[in-house]
1. Sorted by mean Cβ packing within 10 Å, highest first, what order do the peptides 10-18, 62-70 take?
2. Compute the distance in nm between two label points, each set 7 Å from the Cα along the Cα-to-Cβ direction, one at D61 and one at H21.
3. Give me the base-10 log of I(q)/I(0) for segment 11-100 at each q in 0.15 Å⁻¹, Debye formula, one uniform scatterer per Cα, rounded to two decimals.
4. Working out 0.36 nm times the residue gap between A14 and F53, then minus their Cα-Cα distance, what length gain in nm do you get to one decimal?
5. Arrange the residues K71, K99 by how much accessible surface each exposes, largest first, with a 1.4 angstrom probe.
6. Just the number please: accessible area per residue for segment 11-100, 1.4 Å probe, all protein chains included, in Å².
7. Could you look at segment 11-100 and say what percent of its accessible area is carbon and sulfur, using a 1.4 Å probe and all protein chains?
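The values are calculated or read from the model by the stated rules, or taken from the named source; none is laboratory data. Just so you know, these numbers come straight off a predicted model, no measurement behind them. Ideal geometry is used to build each Cβ from the backbone, glycine not excepted, and the neighbour counts take in all protein chains shown. Surface accessibility is based on the protein's heavy atoms, side chains included, excluding ligands, DNA and RNA. Shrake-Rupley method; radii C 1.70, N 1.55, O 1.52, S 1.80 Å.
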Amino acid sequence: MSLYHRTSNRAPLALDVRIRHMGKEIGDSCTRNISPFGAFIEMPHSTLCTDDFIEMYFTNDQKDNAYLLQKGLITHCSQEGIGVLFAYDSDEFRQMLHKKMPKKHRSRVFSS
């Protein structure tokens, strides 16, 4: 199996995200679908490429709109956006996702 083949289910969920690459602000966007392991982020006309390493800042409503940092590797690029594999699995990020996920997707996405 390739590193670039997604093996986990993602739930459709639009979360605001700020993207940085090599210390430079790329812009604000939103996710199309997400799991604790990766996401598809809508970024039409992006200058980012497969194998770029990025920082993603997600707003955490539970903590006074503080940002939650996730780092990841771009594994897929298209005209619609980028597919990202997260570099690590943080408990704080999982908890934030769990609270935002529709109930019908929680058990599928968060099972081990």
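1. Ranked from most to least packed, the peptides come out as 10-18, 62-70.
2. Here the modelled spin labels are 3.0 nm apart.
3. Evaluating at q = 0.15 Å⁻¹ gives log10 I(q)/I(0) of -0.49.
4. My answer for the length gained is 11.9 nm.
5. K99, K71
6. It amounts to 53 Å² per residue over segment 11-100.
7. On the way: 2380 of 4770 Å².
Roughly 50 percent, rounded to a whole number.
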